[in-house]
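**Student:** The structure under discussion is supplied below as structure tokens; questions concerning it will follow.
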Amino acid sequence: MILRGGSEQFIDEVERSLHDAIMIVRRAVKNDSIVAGGGAIEMALSRTLRDYSRTVPGKEQLIIAAYAKAFEVIPRQLCENAGFDATNILNKLRQKHAENHIWFGVDIMHEDVSDNLTAAVWEPAVVKINAITAASEAACLILSVDETIKVPKSSAEPSNAAKAMNMG
């Protein structure tokens, strides 16, 4: 493949973008499983977890509901990045998902929601699984911290390097 352009920087950026696109298609073909993009899968997970949280008694219900709400960050961020009214779009998505239209996500082209599986807005399932697993593990790690220890400031005379930094 031959790439041509006005500057070396432009060619490098086109090459990176093309490489990324090829790798996404390769991963989708190799893993043989896709999900709808545009926040559709996150909204489906949010709804399922929210419904499940209502069946759990006690504080666990609140934890599961908060976890469900966290999934809505993805479609909200997509809306905000596109300059859309995120609250309006999320309400539409919640309504569609309540009607069991699980593949509905943010439609960037029409500032609305649409069936992103039909609209060919896809993501490899393995990417979503890995992202959700990594985010969940990071949250668990943060929550498992019992305490933090702050090292007190030294009363010793600051070093010459520290003095020099304060002077600049």
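Every number in this text was worked out from the coordinates using simple rules, so none of it is lab data. Predicted, not measured: the structure shown is a model, and the values here were computed from it. Counting neighbours? That spans all protein chains shown, and the Cβs are built from the backbone with ideal geometry, glycine included.
**Student:** In the neighborhood of R76, defined by Cβ-to-Cβ distances under 13 Å, what is the net charge if each Lys or Arg adds +1 and each Asp or Glu adds -1?
**Tutor:** That works out to -1.
**Student:** Relative contact order for the chain: what is it in percent, counting Cα pairs under 8 Å that are at least 6 residues apart? Intermediate results must be reported in sequence, preceding the final value.
**Tutor:** Details: 159 pairs, mean separation 40.7, N = 168.
About 24 percent, as a whole number.
**Student:** Separate question: By the scheme Lys and Arg +1, Asp and Glu -1, what is the net charge of all other residues having a beta-carbon under 12 Å from that of E15?
**Tutor:** -2
**Student:** Go through the range 127-139 residue by residue and turn each phi into a ³J(HN,Hα) via Karplus (6.51, -1.76, 1.60, θ = phi - 60°); whole Hz please, and just put x for glycine and proline.
**Tutor:** So the J values, rounded to whole Hz, are 5, 5, 4, 5, 5, 5, 4, 5, 5, 5, 5, 5, 5.
**Student:** Quick one, which of (i) 44, 36, 28; (ii) 42, 35, 31; (iii) 67, 62, 34 is the actual Cα extents along the principal axes in Å calculated for this model?
**Tutor:** Derived directly from the coordinates: (iii).
**Student:** I want the local charge near I102. Using Cβ-Cβ distances under 9 Å, sum +1 for each Lys or Arg and -1 for each Asp or Glu among the other residues.
**Tutor:** Residues close to I102 contribute a combined charge of +2.
**Student:** Now for a different question. Taking the Cα centre of the range 36-145 as the origin, how large is its charge dipole in debye, to the nearest 20, when only Lys and Arg (+1) and Asp and Glu (-1) carry charge on their Cβ atoms?
**Tutor:** Details: 10 positive and 13 negative charges, 84 e Å.
That gives the range 36-145 a dipole magnitude of about 400 debye.
**Student:** Between R4 and D32, with labels modelled 7 Å along Cα→Cβ, what's the label distance in nm to one decimal, could you check?
**Tutor:** 4.2 nm
**Student:** Let me ask something else. Any chance you could run the full-extension gain for A125 through I22? It's 0.36 nm times the residue separation minus the Cα-Cα distance, nm to one decimal.
**Tutor:** Between A125 and I22, full extension yields 35.4 nm more.
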